[in-house]
């Protein structure tokens, strides 16, 4: 194999493919990326047996071939090369990399030992703009559970329904839902599936800032996100996702409209005096939100901001980190806050945008 490409393009692709690779002592081949020529381009693939990534780099292919080599070493070396042309040449299971006055030889492993990354050739369920998909995924991915005790909520729910794609994630303490309306859906079938959180994180990273069309294709147990030059293939999580719609309140005994930037500021100030449970107290009354935080060792903080409030006076304790996470995914100037009691779910959502809902459970007072 002999290929010439730009360092900038090779660096970008290697940083995407090597990210899913950990240190695997039982299967050393999984520490490698697969480099091969395909249709006049260089194809680079990686897998950890749960997620697979295929990428393509444009360049000049002078000789076809294939090799696997250590991903981290290759990426680190290429990252530190000047932004010039890079020559990759394979002889006797050794990859030689040249760029101006830099040269390295990497020992490879036979390509035949590299795991097969599944091919999904079914017609796409839906086609989306990468920016739209990336923004939606960012709004929900952080709410997924990190505990393996309930595998189904460690993933992100994808529900394909008529002309919309509904994404949801929860860890049972908070829940985020984002709806992509008017998708270019290819069929009327309603499908629900659960995708691992790590896969979604890789999709976000792989999509980057470049605008492209993303085709989502499905097989019996795998899903493909095809962005043209970058593909992410992943297993699905077995199980039934909780019927979370039942716990999202539709009516509220108290509701408030609050300036988002002021709300962020008052929560951040309160966080300084929060105790080890990250708990802060919200009190809504007379068009005013009062936030109290206290710690026996540090002291206490009490701050107030104006709010348009309808309904009865109410108090509730919340985890300030969860509040900040939800507000970080809202871009409107004002936010809606709805509550029914100090122990029932509270809702935060952007004013004027019905596509995003963030639910947070109060912390029960001792």
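The values are calculated or read from the model by the stated rules, or taken from the named source; none is laboratory data. Keep in mind that what you see is a predicted model, and the values were worked out from it rather than measured. Note: ideal-geometry Cβ built from the backbone for every residue, glycine included; neighbour counts use all protein chains shown.
Answer yes or no: is there a residue in region 264-278 that is in a strand (DSSP E or B) and touching a strand residue (DSSP E or B) at 6+ places or on another chain (Cβ under 9 Å).
No, the conditions are met nowhere in region 264-278.
Filtering region 16-75 down to residues that are closer than 23 Å to residue 4 by Cα and out of contact with any strand residue (DSSP E or B) (no Cβ under 7 Å at 6 or more places or on another chain), which residue is modelled with the lowest pLDDT?
Restricting attention to region 16-75, the residues satisfying the condition of being closer than 23 Å to residue 4 by Cα are 16-18, 32-46, 53-75.
The next check asks that each one be out of contact with any strand residue (DSSP E or B) (no Cβ under 7 Å at 6 or more places or on another chain); those that pass are 38-39, 72, 75.
Working: 38: 94, 39: 91, 72: 94, 75: 96.
In this case the residue turns out to be 39.
Is region 182-190 home to any residue that is modelled with pLDDT under 90, buried (at least 17 other Cβ atoms within 10 Å of the Cβ) and not assigned by TED's automatic domain parsing to the domain that holds residue 57?
Yes, region 182-190 contains a residue that is modelled with pLDDT under 90, buried (at least 17 other Cβ atoms within 10 Å of the Cβ) and not assigned by TED's automatic domain parsing to the domain that holds residue 57.
Hey, can you tell me all the residues within region 30-47 that are surrounded by fewer than 16 Cβ atoms within 10 Å (Cβ to Cβ) and either in contact with a helix residue (DSSP H, G or I) (Cβ under 9 Å, 6 or more places away or on another chain) or within 20 Å of residue 205 (Cβ to Cβ) (or both)?
Correct list: empty.
Which one of these does residue 156 not meet: (1) touching a helix residue (DSSP H, G or I) at 6+ places or on another chain (Cβ under 7 Å); (2) more than 29 Å from residue 47 (Cα to Cα)?
In the conditions (1) touching a helix residue (DSSP H, G or I) at 6+ places or on another chain (Cβ under 7 Å); (2) more than 29 Å from residue 47 (Cα to Cα), residue 156 misses (2) alone.
In region 349-365, which residue that is more than 22 Å from the chain's Cα centre (by Cα) and farther than 16 Å from residue 318 by Cβ is modelled with the lowest pLDDT?
352
Among the residues of region 56-73, are any within 23 Å of residue 223 (Cβ to Cβ) and in a strand (DSSP E or B)?
yes
Tally time: how many residues in region 128-157 are in contact (Cβ under 8 Å) with a residue 60 or more places away in the chain and more than 21 Å from residue 209 (Cα to Cα)?
Result for region 128-157: 7.
I'd like to check something: does region 237-244 contain any residue that is crowded, with 19+ Cβ neighbours inside 10 Å, part of a strand (DSSP E or B) and touching a residue at least 24 places away in the same chain (Cβ under 8 Å)?
no
Does region 315-323 contain any residue that is surrounded by 19 or more Cβ atoms within 10 Å (Cβ to Cβ), without any contact (Cβ under 8 Å) to a residue 40 or more places away in the chain and either in a strand (DSSP E or B) or at positive phi (or both)?
No, that holds for no residue.
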